[in-house]
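Read the structure below first, then the notes.
The values are calculated or read from the model by the stated rules, or taken from the named source; none is laboratory data. Predicted, not measured: the structure shown is a model, and the values here were computed from it. Positions of Cβ are generated from backbone atoms using ideal geometry, with glycine treated the same way; all protein chains shown enter the neighbour counts. Each accessible area value is taken on the protein alone, full model and side chains, heavy atoms only, with ligands, DNA and RNA left out. Shrake-Rupley method; radii C 1.70, N 1.55, O 1.52, S 1.80 Å.
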Amino acid sequence: MAAVSYGEGSAAETVDALLALRDRQDAGAGLLAVVPLAAGRVTGAEVLKTFAVARLLLDNVPHVRAAWTAYGTQTAQLALVHGADDFAPAPEAADTLPAGELVELIQDAGLHPVERDARYAAVREHEGPDPERRETPQPMRF
């Protein structure tokens, strides 16, 4: 897993960093996932754009992690529909949420949660989103 920092430089510098990571992966880095992490203050729109661009440019990295400990759960939920496919804490974070709450957050984002092991093999599948659920804010519905 590799972390990509963004936010201190220009958008072009972020793209250059992502392209460098893409080249590293093409050279055999063997990354299973990348975690975009903001350095400094960034807007929610910048976060979501970065996830979308990371998913497009890093087509050779299988997974993009939305680190809910770095962005908060609602922004991480939105990142799931902007290119991320992994909803977990940041690599160095000590915070945790109960598994059931993580499942509900993913369902509330309108997605089908699947628990995976460290190599991303499916361990357990959960039901998809519940259109009747309205207890918590739902950032997006399809």
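What the table shows:
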{"item": "Residues that are of a type in the set (Lys, Arg) and surrounded by fewer than 13 Cβ atoms within 10 Å (Cβ to Cβ), drawn from segment 38-57", "result": "41"}
{"item": "Residue pairs meeting the criteria (Cβ under 9 Å; at least 6 apart or on separate chains; first more than 15 Å from residue 47 (Cα to Cα) and among the basic types (Lys, Arg), in segment 5-26; second open to solvent by 70 Å² or more (accessible area, probe 1.4 Å) and in a loop (DSSP other than H, G, I, E, B))", "result": "22/59"}
{"item": "Looking only at segment 77-122, and only at residues there that are in contact (Cβ under 8 Å) with a residue 24 or more places away in the chain and small (Gly, Ala, Ser), the one that is farthest from residue 41 (Cα to Cα)", "result": "110"}
{"item": "Count - residues of segment 1-37 that are part of a strand (DSSP E or B) and surrounded by fewer than 18 Cβ atoms within 10 Å (Cβ to Cβ)", "result": "3"}
{"item": "Residue within segment 45-55 that is small (Gly, Ala, Ser), more than 24 Å from residue 121 (Cα to Cα) and touching a Gly at 6+ places or on another chain (Cβ under 9 Å) present", "result": "no"}
